[in-house]
Amino acid sequence: MTSRRYGADAPLVEGWGANHGGIGAAIYSGTSLPSTPPTMPRLSLRFVAIALAALAALVLGGLPRSAAAQLSDSKTITLQAARTMLAAAEAEAKRNGWNLSIAVVDGAGELIGFVRMDEASPASVGISLGKARTAARLRAPTKALDDVVSAGRTGVLSLEGIVAVEGGVPIVVGGKVIGAVGASGAASEQDAKAAKAGVDALKP
């Protein structure tokens, strides 16, 4: 192989440039490269628009026409809403000198907020939550169950997790139960009054 020289008068490299040519040969021979790269044919805007429309139809055609038709809108209780209801129920209890435990649950009966007032009994903690869960899951005030038991139909007491004592009030928005408030610590009708004060404080 001969020695390399660079510049316009440089020869091709033996065994490579002469056989392969192209860019390598141009570099060593000093030949200038094309000033502009080769261009592709231009596609018309009409053609591009048609192609994109066809692609969109292909992709969207396999999807449901309306996902909203398969879903339902529902309201949920925020933490702030739960705090508002707890405050209203507690205020009602304080006005009447009742020491209560008060619980707010969602539509599935899961706890969102809770308050235990000073001097409220330890037993009232679990009972208030049980009342709220019962009202939410059965979608009815616990007084309805209380009345059923009072009428002699005690079979309802065998249902798991049911508290058939007045004091649980469902939260109804748009005709649907989205949660409940339960209170315990005073007479059952007093518990219900405090719980209802909490529900009434909600502004949908």
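Values quoted throughout were computed directly from the atomic coordinates according to the rules given, and no laboratory measurement underlies them. Please read all numbers here as calculations on a predicted model, not as lab measurements. Using ideal geometry, Cβ is built from the backbone for each residue, glycine included, and neighbour counts are taken over all protein chains shown.
Tabulated data
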| quantity | calculated |
| --- | --- |
| Order of S184, S124, S72, S150 - criterion: other Cβ atoms within 10 Å of each residue's Cβ, fewest first | S72, S150, S124, S184 |
| Using θ = phi - 60° and Karplus 6.51 cos²θ - 1.76 cosθ + 1.60, couplings along region 154-161 (whole Hz; Gly, Pro as x) | 7, x, 4, 5, 7, 6, 5, x |
| Cα-derived Rg over Rh, computed across region 79-200 with Rh taken as Kirkwood radius | 0.95 |
| Loop-resident sites, region 92-141, for trypsin sites (Lys or Arg not before Pro), counting at most 15 other Cβ within 10 Å (DSSP) | R139 |
| Ranked list, fewest to most other Cβ atoms within 10 Å of each Cβ, for T84, T154, T142 | T154, T84, T142 |
